[in-house]
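As structure tokens, the structure follows; a few thoughts come after it.
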């Protein structure tokens, strides 16, 4: 058994197709198929169910794939650690970020990262939080930006910042002229929310529970951009994270933002990585750069006063 064969099998487990796995591994299909069979013979178990047009992993195959990912990740970390011992601030970092944060935070922090670590290759992966956690645990990511709480004992958490929410309403809504809101002011409102799987949905539901608001359950969005368009069309109101309504995104005059009085509803964002990571000291330094947001960036408008919504020109939430 060697590392190359494990990588071939990991590719097959991800693509569930011999041809695509071979192409991703830059080898011929017969070569990949032969090495997978050799791996099965060495382990003494069938890893793959082979059908004419379908490939499925057996239970043993799923277990081996998970273990192989961890082995390959450990070897890559070993190599990365050796590189970083020569130059701690060079190399590659695979950083995950969830969709309702990435497009709005990254423009503000990537220039600082590039200035602080000019030799660093930053590979960004945008996925929902549960996918990021899975990839982090499998070693397919070095770190991830996640909303707290994260209840995984094997992960190290570095708190970055707290991001307030604001209420986005049509410019004709009864709350559009308010300077600031208390939680009780939105009691009875039916909020437009994201679909299941988005951590922002769970956070908004918590606000609904505390305030007496509810979900407009006949509609669920797949992105923040869809929520914005529905608010602009007068369909309803929604909660938006402060970073998602800040420049450099474009302005929409048909939507008004209303902040909340202290303490506003908010989400807490952390950078998370495996406690066993060989990159621990470097990731601490990277987290510090991510904390250094421009002054006032997390302030919800003019001290909580109403403000026109800044809506991005493209989807990505």
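Coordinate-derived values only; no laboratory data. Every value quoted in this text rests on a predicted model; they were computed, and no experiment measured them. Neighbour counts are summed over all protein chains in view; Cβ atoms, including those assigned to glycine, are modelled from backbone coordinates with ideal geometry.
Counting only helical runs of four or more DSSP H residues, what would the 222 nm mean residue ellipticity of the chain come to if each run contributes -39,500 (n - 2.57) and the total is spread over all its residues?
Numbers: 9 runs with 123 residues, N = 317.
Result for the chain, helices only: -12500 deg cm²/dmol.
Enter the mean projected area of the convex hull around the alpha-carbon atoms of the chain, in nm², rounded to one decimal.
Projected over every direction and averaged, the Cα hull of the chain covers 19.0 nm².
Go through 64-72, 4-12, 44-52 and give me the packing order, highest mean Cβ count within 10 Å leading.
Listed from highest to lowest mean packing, they are 4-12, 64-72, 44-52.
Among DSSP beta bridges lying fully in the chain, give the percent that are antiparallel, nearest 5.
65 percent
Once both axes come from the Cα atoms, what is the angle between helix 3-15 and the longest principal axis of the chain, in degrees from 0 to 90, rounded to 10?
Approximately 50 degrees, to the nearest ten.
Tilt of helix 29-43 relative to the longest C-alpha principal axis of the chain, in degrees (0 to 90, nearest 10)?
So the helix axis and the longest Cα principal axis differ by about 80 degrees.
If one computes the Cα centroid of the range 120-199 and of the range 26-79, what distance in Å separates the two points?
Using only Cα atoms, the two centres lie 36 Å from each other.
To the nearest 10 degrees, how steep is helix 59-86 against the longest Cα principal axis of the chain, on a 0 to 90 scale?
80 degrees
Taking the highest mean first, how do the peptides 259-267, 237-245 order by number of other beta carbon atoms within 10 angstrom per residue?
Put in order of decreasing packing, that is 237-245, 259-267.
Over the range 3-79, what is the mean sequence separation of C-alpha contacts under 8 Å (at least six apart), divided by residue count, expressed as relative contact order in percent?
Relative contact order here is 29 percent.
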